[in-house]
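Novice: Before I ask anything, let me first share the structure, which is written out below as structure tokens.
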């Protein structure tokens, strides 16, 4: 479009080469307008290593929790308010419980509970989780109601669970890729392994909603022989799925490959637009004052039972910080301990 008026200036989107500088601990939103695709790319380095190294998890457990952290950043970074996004699983597998807490705009903390006797090298995320459910909770603050979506876990991966969530709850054509691995890095005290993670979320969001129609969910109790409802996928979404399927784990976690270069590799033929990255950091929200308030919310007899060797000791499950209180500071009446 052009204009003959000297008073009108058209604003053009600047075009530049993709940056070669890798940016860790950040989410990079992007858009492929020609295919009606929007997405987010997460790259995690020191922040992920900090979250996982605090607990000395067995390698399979650390990898699974890392995948949950990456998935949480892809989903939680879409919040447009100062709330919380909480991803939580409860299952019958070797990793019976995990939780990742994202507090907008950038704070992450995470924890996993597992049975060390059931952990084996080479176990997949589905084998570690087993059967149970995945809950995704959006907490908008004390004055607003919570929103929670539940997905059944039947031995599949977190990627599978994310796809099921978007199919059933959001009804937005979505694909997710998650990758977590270790690398050797030098530093003070010699080289050691450090955790890295990466992930990509891709969604088909056309202006005409009928283009994003998906097949009806399986009725489950339909008579045998009932025809399954099908919908032909839009060509743009078929192409988008094909492109994200080519992304390899090593590309998502490669410390030498920038996020912009990775997106350019995938979408340069169609054109990709990136937006300002959203920084992430590993930081627990616990504090001595918060723990003290929690203790005083317990019943008097429960507080008294917590006194050991003349003190009350509380360890934060998320960050392993240890808080010590005298019985008086913990609100224990004299002589009750």
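Any read-out appearing in this document is the output of simple, stated calculations on the displayed coordinates, not a laboratory observation. All values reported here derive from a predicted model rather than from experimental measurement. A quick note on method: Cβ atoms are made from the backbone with ideal geometry, for glycine too, and the neighbour counts reach across all protein chains shown.
Novice: Kindly provide the helix-only [θ] at 222 nm of the chain, computed as the sum of -39,500 (n - 2.57) over DSSP H runs of four or more divided by all residues, to the nearest 500 deg cm²/dmol?
Specialist: Values: 9 runs with 79 residues, N = 337.
Computed mean residue ellipticity for the chain: -6500 deg cm²/dmol.
Novice: Can you give me the three principal axis dimensions of the chain from its C-alpha atoms, in Å, biggest first?
Specialist: Extents along the principal axes: 86, 61, 46 Å.
Novice: Against the longest alpha carbon principal axis of the chain, how many degrees, from 0 to 90 and to the nearest 10, is the axis of helix 235-245 turned?
Specialist: The two axes meet at around 50 degrees.
Novice: Another question, if that's okay. Pulled fully out, how much extra length does the chain show between residue 124 and residue 150, if you take 0.36 nm times their separation in residues and subtract their Cα-Cα distance?
Specialist: Extending this stretch completely gives an extra 7.2 nm.
Novice: Compute the angle between helix 59-76 and the longest alpha-carbon principal axis of the chain, please, reported from 0 to 90 degrees and rounded to the nearest 10.
Specialist: In the chain, helix 59-76 runs at an angle near 60 degrees to the longest axis.
Novice: Which order do 200, 294 fall in if you start with the one that has the fewest other Cβ atoms within 10 Å?
Specialist: Arranged by neighbour count, lowest to highest, 200, 294 become 294, 200.
Novice: On a C-alpha basis, how far is the centre of the stretch 25-70 from the centre of the stretch 240-270 in Å? Whole number, if you could?
Specialist: Comparing the Cα centres of the stretch 25-70 and the stretch 240-270, I get a distance of 14 Å.
Novice: By counting other Cβ atoms within 10 Å of each Cβ, how are 137, 42, 91 ranked from fewest to most?
Specialist: In increasing order of surrounding Cβ atoms, one gets 137, 91, 42.
Novice: Sort 158-166, 139-147 by the packing proxy (mean of other Cβ within 10 Å over each peptide's residues), most packed first. Could the numbers behind the result be given before it?
Specialist: Working: 158-166: 20.0, 139-147: 10.8.
So the peptides 158-166, 139-147, ranked by packing, come out 158-166, 139-147.
Novice: A follow-up question, please. Calculate, in nm to one decimal, what residue 315 and residue 143 gain on full extension: separation in residues at 0.36 nm each, minus their alpha carbon distance.
Specialist: 59.0 nm
Novice: What ranking, highest mean first, results for peptides 53-62, 66-75 when packing means the other Cβ atoms within 10 Å averaged over each residue? List each step's numbers first, then the result.
Specialist: Numbers: 53-62: 17.9, 66-75: 25.7.
Averaged packing, sorted descending, gives the order 66-75, 53-62.
Novice: Now a separate question. What ranking of 167, 243 emerges when the number of other C-beta atoms within 10 Å of each C-beta is taken as an exposure proxy, fewest first?
Specialist: By the 10 Å Cβ count, ascending: 167, 243.
Novice: May I ask you to derive the relative contact order of the chain, considering only C-alpha pairs under 8 Å and at least 6 residues apart, and to give it as an integer percent?
Specialist: On the way: 615 pairs, mean separation 72.4, N = 337.
It comes to 21 percent, rounded to a whole number.
Novice: Grab every C-alpha pair in the stretch 250-334, bin the distances at 10 angstrom width from 0 up to the longest one, and report whole percents.
Specialist: 14, 29, 14, 11, 15, 13, 4, 0
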